[in-house]
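> After the structure tokens below, expect a handful of questions from me.
The values are calculated or read from the model by the stated rules, or taken from the named source; none is laboratory data. This is a predicted model, so every value here is computed, not measured. We place every Cβ from the backbone using ideal geometry, glycine too, and count neighbours over all the protein chains shown. The protein model used for the area step is the full one, side chains on, heavy atoms only, and it has no ligands, DNA or RNA in it. Shrake-Rupley method; radii C 1.70, N 1.55, O 1.52, S 1.80 Å.
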Amino acid sequence: MPNEQKSLLLGGDADASQVKKKTKTKKELYEWSIGKEPPLLGLHSISKHEVLEAYIKKYVSILTKNKCADQLMLSLVDGFAGGGVYTHPETQQRIPGSPILMLNAIAEAEVEANLGRRKPFRVNGQFYFVERSASTIEHLKKEVSNAPSSANRMENIHFIAGNFTENLDKIIAKIKSRGKAHRAIFLLDQYGYTAVPMADIRRIFYELPRAEVILTIAVDWLTHFVNESESFKRALKRLELERYQDLFVRIREDHGRDWRAEIQHILHGHFHQSSGAECYTPFFVNSVDSNRAYWLLHFSKHSTARDAMMELHWDLNNHFEHFGKAGFGMLCLGFDPRQVPLQNQPTFAFDKDARELTREALLIEIPEKLSEFGGSTPYQMFFDRNVNDTPATKAMISDAIRQLAKDKDIEIFSENGKQRACDVKLNDTDRIRLAQTETFLLRNIKD
């Protein structure tokens, strides 16, 4: 690797001309041409691809629990599709890109959904693969046509040459023409941090409330190039962050070594509030290639989708982390210079130790959260209110509530008001409240 490029990847200040050169170099690294070896895939992207394939299969499994249904209408959009294949950075073997992974996931999910069914089931999937480069899209067409998982699906695969934003309205119109459900998954694995304006995300959720969006953003590059230049201002404008430019510059000047963490703290809240999605899941992608952090952001309007993504990260236990602690208060949105610097908050890995820390934190913090409701509340309402604020899954929260009921700290009632045993499965309509016993009240007064 040339020294100049290496210095950009590993850090250090850079002016606007260096930023442009870096962007051009990165695009050149991801060009495909028939007859040439495919580009190397970053190690961090292997983790992203693992999550994508597993999530699509999990998505289909959740929506096919009803054995009476004979099909699932689903649209999958890859806004930055690439050429369909990469070279593994360590083994040098050819590995599939995200379009092929989407096709593979649907094919495998369809097989699994048919197990135990008398009536044949199919995933009625439409695929939209968007790519700007002419040579890359030709390469993609070849790879897709040769993929076993594309058999009998080619008429449902749409190759769109051009810019994702410029083609978004056309894609949305096609999805809406398929019926009323409008189920869709958008993968927006952009090259940097400005290819997908926040207006695109809002438009997706406005037009397609059942859609989900998986967005990657090179947040470390964004924070690294904080300055007063016009190029940085244009980048902020696409992300609707221009009002923060002066604040970002001031934070960089005033907060010493922790300034990047302070800015990223603001970005967390901004991306959620600007997306139009009720549910938001941010994760770090540890890039050992470039020594830079990327974010994988999952947006949806439904807590079930957010919970499914969280379950997946626990199941895979790969290279993903998030800021903050194990219980509630995963992210403290907003900027307050009087707070303890965010870099002092430990990152959270989805491993055995993190699971135990999460359980301990939930046992302490669930009663505190329940006290905010001022009485009993349906379990689903409690979960929806707190879903964005914890790495815990719904099952983890349910288990903690049952343990608290066993310890007589919480009481559980059925929808009709009958008290339930602490060892039974918690229903969404069950109501939970702080225990009204004298022992519980006296213990908490003493604490």
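> When residues of the stretch 130-184 are filtered for being in a loop (DSSP other than H, G, I, E, B), among the charged types (D, E, K, R) and open to solvent by 70 Å² or more (accessible area, probe 1.4 Å), how many remain? Give the steps one after another, and end with the answer.
The initial filter retains those residues of the stretch 130-184 that are in a loop (DSSP other than H, G, I, E, B), namely 132-133, 147, 151-153, 162-163, 177-183.
Checking which are among the charged types (D, E, K, R) leaves us with 132, 153, 178, 180, 183.
Narrowing the set further to residues that are open to solvent by 70 Å² or more (accessible area, probe 1.4 Å) leaves 132, 180.
Residues that pass the stated criteria total 2.
> Go through the stretch 409-427 and report how many residues are of a type outside the set (S, T, N, Q) and loosely packed, with under 13 Cβ neighbours inside 10 Å.
Going through the stretch 409-427, the residues of a type outside the set (S, T, N, Q) turn out to be 409-413, 415, 417-418, 420-426.
Restricting the remaining residues to those that are loosely packed, with under 13 Cβ neighbours inside 10 Å gives 415, 417-418, 421, 423-425.
Summing the residues that are of a type outside the set (S, T, N, Q) and loosely packed, with under 13 Cβ neighbours inside 10 Å in the stretch 409-427 gives 7.
> Among the candidates Ser98, Ser150, single out the residue that is farther than 24 Å from Asp307 by Cα and in contact with a helix residue (DSSP H, G or I) (Cβ under 9 Å, 6 or more places away or on another chain).
Ser150
> Continuing with the same structure: Mind checking whether some residue in the stretch 236-252 is open to solvent by 10 Å² or more (accessible area, probe 1.4 Å), farther than 29 Å from Thr390 by Cβ and not charged (D, E, K, R)?
At the first step, the residues of the stretch 236-252 found to be open to solvent by 10 Å² or more (accessible area, probe 1.4 Å) are 237-238, 240, 242-247, 249-250, 252.
Filter once more, so that each one left must be farther than 29 Å from Thr390 by Cβ: 237-238, 242-243, 245-246, 249-250, 252.
Subset that is not charged (D, E, K, R): 245, 249.
Looking for residues that are open to solvent by 10 Å² or more (accessible area, probe 1.4 Å), farther than 29 Å from Thr390 by Cβ and not charged (D, E, K, R), one finds at least one in the stretch 236-252, hence yes.
> Go through the stretch 135-173 and give me each residue that's free of Cβ contacts under 8 Å to residues at least 60 places away in the same chain and touching a Ser or Thr at 6+ places or on another chain (Cβ under 8 Å).
The answer is Met154, Ile157.
> Name every residue in the stretch 77-89 that is farther than 15 Å from Phe186 by Cβ and open to solvent by 30 Å² or more (accessible area, probe 1.4 Å), in order of residue number.
His88, Pro89, listed by residue number.
> Against the definition (open to solvent by less than 10 Å² (accessible area, probe 1.4 Å) and in contact (Cβ under 8 Å) with a residue 12 or more places away in the chain), how does Leu74 come out, yes or no?
Numbers: open to solvent by less than 10 Å² (accessible area, probe 1.4 Å): yes; in contact (Cβ under 8 Å) with a residue 12 or more places away in the chain: yes.
Taking the combined requirement at face value, the residue satisfies it.
> Residues in the stretch 248-268: is at least one within 30 Å of Ile46 (Cβ to Cβ), among the aromatic types (Phe, Trp, Tyr) and modelled with pLDDT of 85 or more?
no
> I've got another one for you. Determine if the stretch 62-71 includes at least one residue that is surrounded by 21 or more Cβ atoms within 10 Å (Cβ to Cβ) and either in a loop (DSSP other than H, G, I, E, B) or of a type outside the set (D, E, K, R) (or both).
no
> Every residue in the stretch 72-101 that is within 28 Å of Leu168 (Cα to Cα), assigned to a loop (DSSP other than H, G, I, E, B) and out of contact with any Lys or Arg (no Cβ under 8 Å at 6 or more places or on another chain), please.
Across the stretch 72-101, the qualifying residues are Gly79, Phe80, Ala81, Gly82, Gly83, Gly97.
> Between Thr91, Thr136, Thr64, which is in contact with an Asp or Glu (Cβ under 7 Å, 6 or more places away or on another chain) and hydroxyl-bearing (Ser, Thr, Tyr)?
Unique residue meeting the criteria: Thr136.
> Which of the residues belonging to the stretch 380-422 are among the β-branched types (Val, Ile, Thr) and under 17 Å from Glu368 (Cβ atoms)?
Scanning the stretch 380-422 gives Val387, Thr390, Ile397, Ile401, Ile410.
> Can you work out which of the residues in the stretch 222-270 that are among the hydroxyl-bearing types (Ser, Thr, Tyr) and over 23 Å from Pro282 (Cα atoms) is farthest from the chain's Cα centre (by Cα)?
If we take residues in the stretch 222-270 being among the hydroxyl-bearing types (Ser, Thr, Tyr) and over 23 Å from Pro282 (Cα atoms), then Ser229 is farthest from the chain's Cα centre (by Cα).
> Right, another one. Can you tell me which of Leu236, Leu247, Leu296, Leu208 is aliphatic (A, V, I, L, M) and in contact with a Pro (Cβ under 9 Å, 6 or more places away or on another chain)?
On inspection, the qualifying residue turns out to be Leu296.
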